[in-house]
Each structure stands twice: as structure tokens, then as C-alpha cells.
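Report on the structure given below.
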Amino acid sequence: MGDAAARAVERAARLSYGRLLALLAARGRDLASAEDALGGALLRALETWPRTGVPDNPEAWLLATGRRLAVDAWRRQATAATHAPEVTLLDEERFARQEGAFPDRRLALMLACAHPAIDPGIRTPLILQTILGIDVRRMASAFLVKPATLGQGLVRAKARIRDLAIGFELPGPEALPERIDAVLGAVYAAYTLGWDDAFAGEDARGDLTEEACWLARIVADCAPAHAEANALLALLLFSEARKSARRDRLTGAFVPLSDQDPATWDAALLTEAEDRLRRARPEAKPGRFGLEAAIQAVHAERRRTGRTDWPAIEHLYRGLVALVPTVGARIGHAAARAAVSGPAEGLALLDALGVEAIATHQPYWATRAHLLAELGRPVEAAEAFERAIGLSRDPAVRQFLTEKARHPPLRTEPARIAPGGTGTGPISPGGAG
């Protein structure tokens, strides 16, 4: 019973953290207190469920327990009178997803975290922590910052929300333009983190990709005229369509994008992705997610044509780098340039990256290793392969790179170059698949 109860608590936390926190925080407008209450409820569940059994509705049990703990905390702070209306309203909440334009309160909470009064640099991590419960250490690694620095920023942001009494109700349409970019960035980051974990054997957050897709649909459906919202959903759907193809069904070996059989990709998801991308094409120039989704659409065309249009991908990458010159985008551009103009030109683009930016960046070393091997520089290639293998979290990717190091490619498509991703996410064109 103990193990079953612990698994039930873990599952409820994974699937329901953001929805529960949004309900607990909606009235009190204090994220830190709501997090304390939810954390206390999860601990109570670990203590209680092994003795009493898992309740029929675990989420409702956690919500009720968290609400009681929040009330107790308010009483201890001698502010129960102030919060009495909020406590009453919490009793009226329903845990199940609501019907209508806004299925649950998470979108309102995400938009509150993206309020203009919050430091722009902390908005995306704040959304990831509050909505999806992603820990500071994991986010710090993804955002290439120190955990202590990120943690301090999150504490300050939550205090600011409390002190300014920023509302957790859904704002009007006029507020979307200045907040939606941070929300989209958080959804994208959540998908990337979930993708990495799912394929590194860390399945505790393996459902994070599905949760990110769900949130992307909420945002796109609530802002149908916003091109980037539709583009992001298209981007995630293109990736989901080929997720199962990343592993050999018999051996579990990593399968790079260039080796995947397009017939195994999910046709229904590809169709929906293409439809969302068409909605995202405004008359003006596309944004970051529009360009990334367009790159993935070119890759998806191989299902129809049997070939990859690398010149088109390289062109789109140039636009992406000009718009958002992230490390991942520049590595992806180098991979695409290598496909079009040869490994020497791709390597030159890699050489232009700063040393600090790539020291522990696996996709850089994987891409560099392959290009050096193609150029006939075996000693340097071996060193780069060693770095890439050491930085790979996915055992299957480590094995893939180990085999490539033993049998260096003479000339490969760049879809084989970056098996760990290119740093702009799992769907970046450098070709993790």
C-alpha cells in the first residue's frame, strides 16, 4: 500500500501541480504561500494515504487539504479576517477543467507571472515553476544560470506579485500583447525540458511534453489572431508527430532524423501542425516560432518528396539567427550551412561562437565532431566526440555518438550531426529528430 500511495502522490503532483496551485493562489494572490500550502498537502498525502488508502479523487483531496493549510497559515498570521472572503470563494472552486474559452485557471496564472511589473528575465522561469512545478536546479541548467541566482530572482518575483496585489484573474485582451511572449517562451521551454527528460530515461516528467502541448492549445485558442501562438503550437505538433520514431522499436537505439522512416510519423499531427502554421502566416515577417515551425515543415515535406530541401532550411536559419541569435539557432545554422556548402563553412560558423557559450553545450560538440570527421581531422574529431559523449544525458545518444566516433562519417547530412538537439529545443533543424 505504501508504494502504491507514494506513486499516486507523485502522479497527482505531476499531472495536477499547476492547476492546484492556480486554484490555491487565485484568491490569496500570494504564490509563495500557495506553494507552501500545496507542498504541505503533498506531504500530508504521503503520510495519510498509506494508512487510509488513495482517495477516489486525489486532486480534490489535495486541494481541500491545501486550502485548510492555507487557512491555518493565515490564522497564524492574524489575518484570517482579511482573507475570509477568499477562503469562502475557494470552497466554491471546482478542480475539473472548466468548459469555455479558458479551460482552467493556469492561463490566468501564467499571464499574472508575465505581468509588466515582473522582471522580464524571470517571467519564463516563474511560469515554469508555478504552473509545472519544475525545480530551480533543472531550470538553472536549461537557462545556463546559477541555481542560487535563479532562486533569488524567483523569490523576489513572488514577493512583488504579493506586494503589488497583482490579480490572478484573466486580464482583458489589451494585456495580451505585452505578456504573451513570456507565456509562449515558458510553454516552449517546458516542452523542451519534457522532451529531454523523456529520452534521457527520466520519465518522472515524461508527460511534460503533453502538458506543454495542452497549454499551447489553450494559448493559441484564446489568442487565435496571434501568429506566434499558432506557430508555437505548430512547432510542438511537428515534433510530437515524430517522437516515437526517435527510438528503434526493437532495440531502443537512437534514430536520428535523417534515418527515420517518414511513414512512421503521425500523419494526423502533421496535418494539424500544417494547418496551425498556415494560420500563423501574417503579412508581416514571421517571428521566432514561425521560423522554427517553418523549418520543421520543410523537414516534414520529406514524407511526401523523399528528400530534404537543405537550401530552404539554411535560408530559414539565416532569418532565425538574425532575429534571435541564440547558441542553439547558430549551431543549427552551422549544420544547415554544412549541408549546403560543405563542412568547412559549417565549422567556420561554429568557430565564431564564444568559448563560454559552448563549454558544456552538448549539441555544439556533437556537431563539431561530425564536421571535423568529414574534414579528415581525426584527432580533433575524437576529442570533440569525447566531449559530446560526456555531456549526453541520454544513454542511447551516448551509444550513437560512441559508434560514430569509432566509425567517423565521410560525409553525412547534418540531420545526423546533433543527436542531442541543437539548443533551440527538440525540434531544431540541426536534426536531433
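Of note:
- Among the residues of the range 127-141, those identified as assigned to a helix (DSSP H, G or I) and over 18 Å from A216 (Cβ atoms) are Q129, V136, R137, R138, M139, A140, S141.
- In the range 311-342, the residue that is farthest from S258 (Cα to Cα) out of those that are open to solvent by 20 Å² or more (accessible area, probe 1.4 Å) and in contact (Cβ under 8 Å) with a residue 40 or more places away in the chain is T326.
- With respect to the stated conditions, R217 is in a helix (DSSP H, G or I), open to solvent by 10 Å² or more (accessible area, probe 1.4 Å) and basic (K, R).
- Residues satisfying the criterion are absent from the range 145-152 (criterion: within 15 Å of A212 (Cα to Cα) and assigned to a helix (DSSP H, G or I)).
- Within the range 165-197, the residues that satisfy the criterion of being open to solvent by 40 Å² or more (accessible area, probe 1.4 Å) and assigned to a helix (DSSP H, G or I) are P173, E174, L176, P177, E178, D181, D196.
- Within the range 123-149, residues that are more than 10 Å from A189 (Cβ to Cβ) and open to solvent by 30 Å² or more (accessible area, probe 1.4 Å) have Cβ atoms under 7 Å from residues that are in a loop (DSSP other than H, G, I, E, B) and not aromatic (F, W, Y) in these pairs: R123/A114, counting only partners at least 6 apart in sequence or on another chain.
- For the range 38-47, the criterion of being more than 21 Å from L132 (Cβ to Cβ), at pLDDT 80 or above and touching a Ser or Thr at 6+ places or on another chain (Cβ under 8 Å) is satisfied by at least one residue.
- Among the candidates T367, T360, residue that is among the β-branched types (V, I, T) and open to solvent by less than 30 Å² (accessible area, probe 1.4 Å): T367
The values are calculated or read from the model by the stated rules, or taken from the named source; none is laboratory data. Just so it is clear, the model here is predicted, and its values are computed rather than measured. For neighbour counting, all protein chains shown are included, and Cβ atoms are generated from backbone atoms with ideal geometry for every residue, glycine included. Each accessible area value is taken on the protein alone, full model and side chains, heavy atoms only, with ligands, DNA and RNA left out. Shrake-Rupley method; radii C 1.70, N 1.55, O 1.52, S 1.80 Å.
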